[in-house]
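> Sharing a structure, written as structure tokens. Questions coming.
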Amino acid sequence: MVSIEDVRTVLDGIDDPELPCSIVQLGLVESIGIESGVAHIVLLPTFTGCPALQMIEDDVRRTVAAMDGVDTCTVAWQYEPAWTPDRITSAGRERLHAHGVTTPAACCGAAGGDATVSLTTSAVPCPYCGSANTRLDSPYGPTRCRQIHMCEDCRNQFEHMKPVS
Amino acid sequence: MSNDVLALADDKLMLGHTQSDWTGLGPILEEDIASSAMAQDDLSHATVLYEALGEDPDALAFGRAAADYRCCDLVTVPDELDWAMATVRRFICAHFATIVLEDLAKGEGDIPERASRLLIEQRLQTEHLDAWIRRLGRGGDDAKGRMQHAFDTLAPHAGMLFEAIDNRADRHARWCAAIASPIADAGLTMHTDLPDESVHGGRRGAHADHFVEQHAEMTQVWAEDPTAAW
């Protein structure tokens, strides 16, 4: 008999295709159900336009269906509750941080930019040197869920999980 | 209600396509990426809204005759590869989408959950675009002149966003209020007249030539082989 925890452990071995972090650590897994050999996984998209969603769905379906005691696996995407970076686990934050990607709740909060003229307000500590002297370079980064910051002290660019609510 | 969903979805489908023309051509790298990301948002929002109507998104996106689309003229009017036009168009459309999504989020059935999720992404767009309207309007005479030209050129199309839309007077008033402050801060002006309902446009299938041409290009593959896959 396969348990929900067994499935969660397997899902924790599936990394996001674009981040060094598992889908469980990222907080994408909303619920796991098992019924007569059929596993039902409900996931939350980080952003609806994320091109990795189909890859994640395929990875989940294939990996869970291959488990002993699971015949088939269904995957559904759900919009409520909305995913936010608050859902990233502490283990996930550590892995992201080690790769130079910071997360909103792990630092001092919002970095949405001054709505007046500047696009560059930032209060996100640099993951490389720890300096708070950083600025928001662009709220649109390499993927839909990340934005780009620049450290004025060590002159490194780094990525920050976009604060959304 | 479903008319509004289809109108917004068709707007986003076409805006996602027209704005994708800028990918690789944006004036600076960050804004090229931002513009492309917003186009990506719009295409995914169209998909989510088509699904909410209980239809196959591909069939709705590519399988209809031009006259069956409900997008307004503004989303396909040629921007002459002018960044000011592209930015102002996006700004005008993003605020309209925000207002409609706010209302859809309070509706019934399957729609509110989806609309609430899309609203989060939509507000990130409006915040970013508001900042650029302010920035470019204050960016010196050349930038200001180009931005004012874009507002003057697009304003007559903007009113048609509200053609055949529920609660049009109320939504138009809220949209005017939302765009007023960034435009004023930028030192720019925009005419925001609500056109008479006797004027027919894209929302009732009376599309301009630029839409018909875009539609023909966009649906070419589907027309040849509806089962074609990536």
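> Per residue of the stretch B:58-70, in order, report the coupling 6.51 cos²θ - 1.76 cosθ + 1.60 (Karplus, θ = phi - 60°) as ³J(HN,Hα) in whole Hz, putting x for Gly and Pro.
My calculation for the stretch B:58-70 gives 5, 5, 6, 5, 10, x, 9, 5, 3, 5, 8, 7, 10 Hz in order.
> What fraction of the DSSP beta bridges in chain A is antiparallel, stated in percent and rounded to the nearest 5?
Details: 16 of 24 bridges.
Of those bridges, close to 65 percent are antiparallel.
> So how tilted is helix B:209-218 from the main axis of chain B? Cα-based, degrees 0 to 90, rounded to 10.
Approximately 50 degrees, to the nearest ten.
> Same structure again: Quick one: 3J(HN,Hα) in Hz for the stretch B:221-230, Karplus 6.51/-1.76/1.60 with θ = phi - 60°, rounded, Gly and Pro as x.
My calculation for the stretch B:221-230 gives 5, 4, 4, 7, 7, x, 9, 4, 10, 5 Hz in order.
> Moving to a separate point now. Compute the angle between helix A:53-65 and the longest alpha-carbon principal axis of chain A, please, reported from 0 to 90 degrees and rounded to the nearest 10.
Once rounded, the angle reads 30 degrees.
> Which residue fluctuates the most in chain B, going by a Gaussian network model with Cα springs under 10 Å, if the choices are B:Leu81, B:Leu136, B:Leu49?
Its mean-square fluctuation being the largest, the pick is B:Leu81.
> Related question: What aspartates and glutamates does B:Lys106 reach when the alpha-carbon gap must be under 16 Å and sequence neighbours fewer than 8 apart in one chain are set aside?
A:Glu80, B:Asp4, B:Asp166, B:Asp170
> Next up: Around A:Glu30, which amide H atoms from residues at least 5 apart in sequence, or from another chain, sit under 5 Å from its own amide H, with H modelled in the peptide plane?
A:Val42, A:Leu43, A:Leu44
> May I ask what percent, to the nearest 5, of DSSP beta bridges between residues of the protein assembly as shown are antiparallel? Could the numbers behind the result be given before it?
Numbers: 16 of 24 bridges.
Taking every DSSP beta bridge within the protein assembly as shown, about 65 percent pair in antiparallel fashion.
> Right, next: List the residues, sorted by chain then number, that are 5 or more residues from A:Ala39 or on another chain and whose placed amide H is less than 5 Å from its amide H.
Close amide H contacts, sequence-distant or interchain: A:Asp71, A:Thr72, A:Cys73, A:Thr74.
> If you don't mind, there's one more thing I want to ask. Out of B:Lys144, B:Lys12, B:Lys106, any idea which swings most in a Gaussian network model of chain B, alpha carbons joined below 10 Å?
With Cα springs under 10 Å in chain B, the top fluctuation among B:Lys144, B:Lys12, B:Lys106 is at B:Lys106.
> Also, I was wondering about something else. Any chance you could check the Cα centroid distance between the stretch B:1-72 and the stretch B:138-179 for me, in angstrom?
The two parts, judged by their Cα centres, are 19 Å apart.
> Please compute the net charge surrounding A:Leu19, taking Lys and Arg as +1 and Asp and Glu as -1 over other residues with Cβ under 9 Å from its Cβ. The partial results should precede the final answer.
Working: positive: A:Arg95, A:Arg146; negative: A:Asp15, A:Asp16, A:Glu18.
Residues close to A:Leu19 contribute a combined charge of -1.
> Further, regarding this structure: Across the stretch A:132-144, in residue order, what do the Karplus-derived ³J(HN,Hα) couplings come to in whole Hz, using 6.51 cos²θ - 1.76 cosθ + 1.60 with θ = phi - 60° and x for Gly and Pro?
So the Karplus estimates, Gly and Pro as x, are 8, 7, 10, 9, 6, 7, 7, x, 10, x, x, 10, 4 Hz.
> Something else about it: If a/c stays under 1.5 just call it rounded; otherwise compare a/b with b/c (prolate if a/b is bigger, oblate if not). Do that for the protein assembly as shown, with a ≥ b ≥ c from the square roots of the Cα gyration tensor eigenvalues. Walk me through the numbers before you get to the answer.
Values: a/c = 2.08, a/b = 1.26, b/c = 1.66.
It is oblate, given that a/c is not under 1.5 and a/b is not larger than b/c.
> Build a GNM of chain B with springs between Cα atoms under 10 Å: which of B:Gln122, B:Gln220, B:Gln19 gets the top mean-square fluctuation?
Checking each option, the largest mean-square fluctuation is seen for B:Gln220.
> Taking the 0 to 90 degree range and rounding to the nearest ten, how far is the long axis of helix B:168-185 tilted relative to the main principal axis of chain B, both from C-alpha atoms?
Orientation of helix B:168-185: about 40 degrees from the principal axis.
> Just tell me which aspartates and glutamates come within less than 12 Å, Cα to Cα, of A:Lys162; anything on the same chain fewer than 8 places away is out.
Result set, ordered by chain and number: A:Asp86, B:Glu121.
> Excluding B:Gln125 itself, calculate the net charge of residues whose Cβ lies under 10 Å from the Cβ of B:Gln125, where each Lys or Arg counts +1 and each Asp or Glu counts -1.
Working: positive: B:Arg90, B:Arg123; negative: B:Asp41, B:Asp42, B:Glu121, B:Glu127, B:Asp130.
Once positives and negatives cancel, what remains is -3.
Where a number appears in this text, it was derived from the coordinates with a stated rule and is not lab data. Nothing here was measured: the structure is a model prediction, and the numbers come from that model. Here Cβ is always computed from backbone atoms with ideal geometry, including for glycine, and neighbour counts include all displayed protein chains.
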